[in-house]
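Written below as structure tokens is the structure these notes are about.
Each reported figure results from applying straightforward, stated rules to the coordinates on display, with no laboratory input. Source: prediction; values computed, not measured. Here the Cβ positions follow ideal geometry from the backbone for every residue, glycine too, while neighbour counts run over all protein chains shown.
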């Protein structure tokens, strides 16, 4: 689940925490909000920023009585 959390401190600073968005696309999601809030003083990337989609691929080959048959290839994509 994608969430944006904002903590507003008494001195006017705003802390923004983004979770559930994999890769650099979180910058696209927050760009408009940050433009309205003002200057970004610090930016700390989480492990989700560096995560990449995982792809698993396998092919099974069987040979019976001189005949060879390739079974369906399965691909699984998973996002962290």
statement: Here, residue 25 and residue 4, labelled 7 Å along Cα→Cβ, have an inter-label distance in nm of 1.5
message: If packing is taken as the average number of other Cβ atoms within 10 Å across a peptide's residues, how do 41-47, 2-8 rank, most packed first?
response: 2-8, 41-47
